[in-house]
Every structure is written in structure tokens, then in C-alpha cells.
1. What residue, among those in segment 281-292 that are of a type in the set (A, V, I, L, M) and out of contact with any Cys (no Cβ under 7 Å at 6 or more places or on another chain), is least open to solvent (accessible area, probe 1.4 Å)?
2. Exactly one of (1) at pLDDT 85 or above; (2) outside any strand (DSSP E or B) is unmet by G639. Its number?
3. Could you please find all residues in segment 282-317 being touching a Gly at 6+ places or on another chain (Cβ under 6 Å), in contact (Cβ under 8 Å) with a residue 40 or more places away in the chain and within 20 Å of E344 (Cα to Cα)?
4. From K157, K147, K161, which residue is within 45 Å of the chain's Cα centre (by Cα), open to solvent by 20 Å² or more (accessible area, probe 1.4 Å), within 14 Å of Y101 (Cβ to Cβ) and of a type in the set (K, R)?
5. With the structure loaded, tell me whether A76 is buried (at least 23 other Cβ atoms within 10 Å of the Cβ), without any contact (Cβ under 8 Å) to a residue 60 or more places away in the chain and more than 51 Å from the chain's Cα centre (by Cα) or whether it fails that test.
6. Return yes when N238 is touching a residue at least 24 places away in the same chain (Cβ under 8 Å) and either charged (D, E, K, R) or in contact with a Phe, Trp or Tyr (Cβ under 8 Å, 6 or more places away or on another chain) (or both) and no when it is not.
7. Can you work out which of the residues in segment 425-469 that are touching a Pro at 6+ places or on another chain (Cβ under 7 Å) and among the aliphatic types (A, V, I, L, M) is surrounded by the fewest Cβ atoms within 10 Å (Cβ to Cβ)?
8. Does any residue of segment 622-631 turn out to be modelled with pLDDT under 90, within 13 Å of A579 (Cα to Cα), in a strand (DSSP E or B) and open to solvent by 50 Å² or more (accessible area, probe 1.4 Å)?
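The values are calculated or read from the model by the stated rules, or taken from the named source; none is laboratory data. This one's a predicted model, so the numbers in the text were calculated from it and none came from an experiment. All Cβ positions, glycine included, derive from the backbone under ideal geometry; neighbour counts span all protein chains shown. Ligands, DNA and RNA are excluded from the accessible area calculation, which covers all protein heavy atoms including side chains. Shrake-Rupley method; radii C 1.70, N 1.55, O 1.52, S 1.80 Å.
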Amino acid sequence: MKKLNKYVSLFFFILLSLCLFGIYCSAVERYQWGDFEYSVENGKVTVTGVLHQLAGDVAVPDKIEGFTVCAIGEKAFANANEITSVVLPEGVTSIGNEAFYGCSGLKNINLGKTEKLGYSIFSGCTDLKEITVPSTVCYAETDSAHKGAFSGSSIEKVSFKKGTTQVADYLLAGCVSVKEVILPEGVISIGKRAFESCSALGTINFPSTLNVIEDETFICCSSLSEVNLPQSLNSIGNEAFKNCEALLNVNFAQVVTMGYGVFENCNSLYEITVPKTLQTASVSGDGVGVFSLSGIKRIVFQNGITVVPACICSGCEKLSEVVFADSVTVIDKNAFSGCRSLSELTFPNKLTVIEDSSFKNCSGLKNVYLPGSAEQIKDGAFMNCTSLCEIDLGKIKKLGVNVFYNCNKLLHITVPETLSYVKNTVDGYGPFSGSGVEKAVFSGGITKIPAYIFSKCNYLKSVEIPHSVSVIGEGAFGGCSKLSRIYYTADKGQWNKIIKQERNECILSSEIVFNYDNSGCVHSYTKYIPDNNATYSSDGTKTAHCDKNCGRTKTVKDNGSKLILGVTSKIVVSQTDSAVTLKWNKVKDADGYRIYIRNTAEGKWKVLSTKDVVNSFTVKNLLSGTKYTFAVKAYIDEGRIIWSPKYMKVHTATKPV
């Protein structure tokens, strides 16, 4: 049995070897016909070589031994340097890699109706200056070095036949000598790397039918200086014009979609206008946007754009001017990060949100003035803006984490009363953490100082807090080791009423300056009349509000004085058509009274003469049939007038005539 198995195994080994040998032989079997060497597969002929040195004009036959010639094989005419022209039959659909390599005398070639082209077909064809690409070409082979069909040739002019709808991927990649490209009307798309490294190409006219420019189409076209894109263009792929160092001007027309790094390293490009039609702008995995790392100095956004795309100008170190459209409401993430030459900005009046890191690392940015429409600035938006020395937050409502981190020249900040939300990290970083802020001012009207707003502000020395504040949030001043003085616009009593949440130890060790005034108002506290201008507490303390409505208050304690009870009895009224008499019970210890009158229609209080008033007073020369309100207030005189905390009002009217 073992012997039988041995023979069976040997039989199958021999059979398999014979099959493989037969397949190999049939695969490489070549035939001769006239000047040509060829192979046949499935009834189709591939010209694989020539039998001797050909010269002059060469016409490849349309049939050999009755079989249609369909392909020119790899290196089929290699080094046939005496050939001057070649005509291919219409049946040829494929030309192999380096098919005419080294044909240095070749001046003309008719590619027939070829569909597929190998790479470096005409490499070393130094006399071939012009070629026409059939409309049938739909595929071009490439190698690991991205060599295209015409790579290594001396072709200077390439014309595409009428009827062409697409320029194949890699077609002219590496054709360093081409200077002129003629694209006919009807071309819809230009393929990936189709003109890569066409370093002599200075300009190109696009047909009005062009819709798509694929990825890296003109990458490394170092002489390309001007690009006028047609109205029909809808999409530009990733890095389409990357490394086009001479590119000066680009007109985008109505492009809708743009890839990332489209103009990366285009260092001569001065100005870009972003069309209002742009809807999608791609970003690479490492944060490269449409115009990232280009040389642009000025960018204009057309009116109609509402969102400035993420990373659109990240790393544009020469960018010094940004013109926003009035329609812009959002500036997306990293839009201008790393724009070191950007020194000032004018934001549109409809702007609402500045996203994460939008202006991060803009080290030349000095001044920022936000419009009243701005509502939110997100994480790290101005991080590392080391020259930023002034910012107006407008009416901002929300701030993210580390918004101004490492902004060392930002010494003063005013927090608007509209701010209601501050984001913080678990380790206590807030919007101004790590900044250079030394003085912080909270606007009058703000009621709560948000948690962690100035946490870890190592340079913060002083803070101004208005009397409107009722709560200081957790960690608002946590870790502010240099905080030494707090200026408070009211008195100590009101300060003590403020709820001070935990992690604000720096407040406890700071000097509190009470009744601080930076308003410029010359305060007056004379209107202690029954309009609730002055309020009283049971210990004799009275808090008066400034007559000029600046919001400032003043508290006075009547130390050692009697607290007069005031008029508490009902006022008895008698009227005529022109006078009203008021009577009330005498107030104990009162030295006098003040009478106030208000015409109900006019609504304004007036002080009447109070000399020698005991417990009655007649008001004369009044209008008949008119409604009035009167108030009586008692006082004592101890070298200065001390008014009672209570008064009595009465509503009445004169009799009609």
C-alpha cells in the first residue's frame, strides 16, 4: 500500500509540473510577422517587439494573420531610435509601460482610439514635442514614483481631442517639459495627479464644462502662476494645487466643495476671495484646511457665507488681513490658528460664536473687539496670543476653558454683566487661567461671579466688584496667589451678605476697599423723600441711593440719636375748590415736619414750606376738581436733620367750582 501511494504521488507531481510548464510556455510564446514580433490571446494580437532596427515612418497593421491588433506591449518599440513617426490602428486600445522608451527620433504619433496607457510610454523620446490625446483614453498606469503616461518625455504641448469628458488619473504626471495644455469644451473632470510635477506649465485654460478637479491634480506645478476656474466648477480635491510655488492669482467662481491643503506651500499666493457658494471645506487628520500653510496675506469672505470653515487658514503665517462678510455668524475650530502676522481683527456684527482654538497661536494679534452679537467663545480660542493686550468682550454670555491661556500681555479685563456661564476642567482651569491678567473689573449689574472664571490666574492682583453681586462662585479666584486687593462699590455690611462659595481663600486674605467709586459720578444723597430713595433698617441705619441713578448707595448710622417714630396716625383732610387742609396727631419728640405734594396727573413730588408746622398744614392755590397726593414726614434736629423712617400719605381732590 505504501508503495502504491508513492507512485500515485509521483504521478500527480509529474502531471502538475507538465500543466504549469504548458501554461508558462503558452503565456510567453511569441510569433513573427514581417518586422514585428507578437503574441495572440483569445484571438487578439499584442505587438511585443520588432525584429530589427526600424526607421522612418511606421504603421502598425490593423491585423496580423487574420487577428486584430489590439495592444502594444511593454517596451515593444524600446530604443528604436530611428523611428520618426508611428500610426496605430483604431483597434489598438492599450499601450504598455515604456512602449516607445528611448525612441529619440520619434516626432509624431497617432494614438488612434487608445483607452489605456502605461507609464513612461515616451520616456527618452527627446524629439517628440507635441501629442494629441484621444477622447477614448480613460486610464493611465503609474508606478511607485507616480510616473504617468508621458513622464520622462520632452512633450511641450498636449491637446485633448473633442469629445473628451475626463482627463485620466496620472496621465501627464511627471511630464516636466509640458508648457501648454489644450482642454476642449465637454471636459467634466480632471483626474488625480493628472498634471503632477508638470513644472514647466505656466497657465491653463479650463473649459466652461469643468465640474471636478480631483486630489493633487496640479501638485508641484511649480511654474503655474494663474488659475481662472470656470463658473461650472463644483469641487476641488485635496492638495489640488499644493506646492505651486509661483501661483499668484486664483478665481474660485462658484465652487461648492474644497478639499484640504489645496494651496499648501503656494508661497506666492497673495489674496483669496472665498465664494459665497462654498458649503464644504475638508480638514485632514492633522488639522490642515483649505488654505492652510499657504502664503496668502489677505482673505475676503463673500457676503452670504455664515460659517467660516474649520482650519481654513490654519498655519498661514503671512496672513495679515481678514475681511469677514456681514453674514458670518460662526468662526469654526482652528480657522486662523497659527496666523502669526495677524495683528488686528474687525468682526462682523452678526457674529455669535467663536469656536475652539479659532485664533490659537496668533502671536501677533494685539487687539480684539467683539460685537454686541457675540454670545460664546469656546476652549482655547485665543490661547498663546502672546501679543494680545486688549480685548472688549462686548455682551458675551459664555466662555470656554483656557480661552486666554498664555496671553501674557493681557493685563486688564472687564467682564460684562451678560456673562452667565464659564466652563472649567476637573482640575480647575477656567477661561483666564494662565493668562497675564493683573486687574479684573466686573461690570455693574452682574449678580453672580461665575465659578473658576479667574482660577489659576497667577498674576491677578486686584478685582473690582459691584454692589449688584450676590454670589461669588466656587473657585472664582482659586489659586490667585498674588490677589491682594478687592475694590467693592458698597459698604462692609452689604459685602458680608455676598455668598462666597468654597475655594476662594484668596479673598479672605485680600484687603477690601469699601464704597469704591470708579464711575466718575459726583454723588448726591439729598432726596430722602417718599419715593423710596432712602430705605431704613430697625437699628437706625439708612441706605440712600444716589440722586443721579448711577447705582451707588450710601449707608449712614445715626449713632447716639433718637430714632423718631414718624407719622403713624391717619391724616384728616378738608377741602375747598382751591385748598386742602391736613391734620394729624403730633409725633413725640418731633422738632418739625415736611409736607410733600404730588399732582396725580403729573406724578412728580414737590416739597412745600414746613416752617413752624405743628400738626396741621393748609395747602393753598390749588386747581379745582384735581386729584392730589400728600405726604407728611417728621424729623428731629440735633445739629443735623434726622428723618423718621416712616411717613403717612393721603389721596384727595379739590372740590369742583
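1. V290
2. (1)
3. C311 - this is the single residue of segment 282-317 that is touching a Gly at 6+ places or on another chain (Cβ under 6 Å), in contact (Cβ under 8 Å) with a residue 40 or more places away in the chain and within 20 Å of E344 (Cα to Cα).
4. Exactly one residue qualifies, and that residue is K147.
5. On the way: buried (at least 23 other Cβ atoms within 10 Å of the Cβ): yes; without any contact (Cβ under 8 Å) to a residue 60 or more places away in the chain: yes; more than 51 Å from the chain's Cα centre (by Cα): yes.
Considered against the rule, which asks whether it is buried (at least 23 other Cβ atoms within 10 Å of the Cβ), without any contact (Cβ under 8 Å) to a residue 60 or more places away in the chain and more than 51 Å from the chain's Cα centre (by Cα), A76 comes out as yes.
6. yes
7. I446
8. yes
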